[in-house]
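First the structure, in the form of structure tokens, and then the observations on it.
No value in this document is a laboratory result; all are computed from the given coordinates. Here the structure is a predicted model, which is why all the values come from computation and not from measurement. Heads up, the Cβs are rebuilt from the backbone with ideal geometry, glycines too, and the neighbour counts pull from every protein chain shown.
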Amino acid sequence: MKEFLEPTAIIDSNNEQVDRFALDGIGDATDPSERAIRLYHRVRDGIRYDPFSIDMTVKGLRASTTLVAGRGWCVAKAALLAACCRAAGIPARVGFADVRNHLSTDRMHRFMQTDVFYWHGYTAIHLGDAWVKATPAFNIELCRRFGVKALDFDGQHDALYHPLDTVGHRHMEYIRYRGEFADVPVDDIVSTFERRYPLYRKWKQLAENAGS
């Protein structure tokens, strides 16, 4: 479990701000499951989901960067939750899957030109004798706005995307699991994005120009 407790280039659980954010989140909880539940909700609702804030650099994906920004996409939020868990002494890693999003917005579809989200990120947390999956991406305000069920995490069962929205329409379906890692596999994700998203290079250049 050692590698899933140590800080990495992206999951910087030794960062002072991340450590403080985690300690504030767990409060007086001493049980690992209760700590993980509190951290899940703190990241889910305390960091706004923003699918257009994708910065595929190590610095851009870093947990402390997401914390300071107060927003992030699924991979960034999963890395932050993993960092918080490690800061609290709970082994955690980042996991990935390709998912089909049936409720993707027109703006997202224009950018992606597909309803498949490659390398969707979640956090795998070791509690008891098992790894439990938790997806902290969609904050509760966003869920209410789009009529999507907010995911709850009980520390015992996987909390991935609900297959249906609040009125029974299909929301997300997992079509391919890509594994779980001690740190975010940036090069593999970028390689897939460049092959699968025709506008990725153009969007990347626009983002770099905006940040310069």
* Asked: Any idea what angle helix 74-87 forms with the longest principal axis of the chain, computed on alpha-carbon atoms, 0 to 90 degrees, nearest 10?
  -> 10
* Estimated vicinal HN-Hα couplings, Hz - the range 136-144 in sequence order (Karplus 6.51, -1.76, 1.60; Gly, Pro = x) -> x, 5, 8, 5, 5, 4, 5, 4, 5
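Where Lys and Arg each count +1 and Asp and Glu each count -1, what net charge lies around P7 among other residues with Cβ under 11 Å from its Cβ?
That sum, taken over residues with Cβ under 11 Å, equals -3.
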* **Built amide H within the under 5 Å cut-off of H120, gap 5+** => A97, D98, V99
* Would you compute, from DSSP H runs of 4+ residues alone, the mean residue ellipticity of the chain at 222 nm, taking -39500 (n - 2.57) per run and dividing by the full residue count, rounded to the nearest 500? => -12000 deg cm²/dmol
* **Burial ranking of peptide ranges 8-21, 81-94 (average Cβ count within 10 Å, highest at the top)** => 81-94, 8-21
* Structure fact -> So, relative contact order of the chain in percent, Cα under 8 Å, 6 or more apart, is 23
* Structure fact -> Taking every other residue with Cβ under 10 Å from the Cβ of A150 and scoring Lys and Arg +1, Asp and Glu -1, one gets 0
* Structure fact -> Measuring from the longest principal axis of the C-alpha atoms of the chain, the long axis of helix 186-196 (C-alpha) lies at a number of degrees, nearest 10, equal to 30
* To do: Taking the chain as the reference, fit the longest principal axis to its C-alpha atoms, fit the long axis of helix 32-46 to the helix C-alpha atoms, and give the angle between the two in degrees, 0 to 90, nearest 10.
  => 40
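Tally Lys and Arg at +1 and Asp and Glu at -1 over the other residues with C-beta under 13 Å from the C-beta of I140: what net charge comes out?
Net of charged neighbours comes to +3.
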* Asked: Across the chain, how many lysine pairs separated by 8 or more positions, or lying on different chains, have Cα atoms within less than 23 Å?
  -> 9
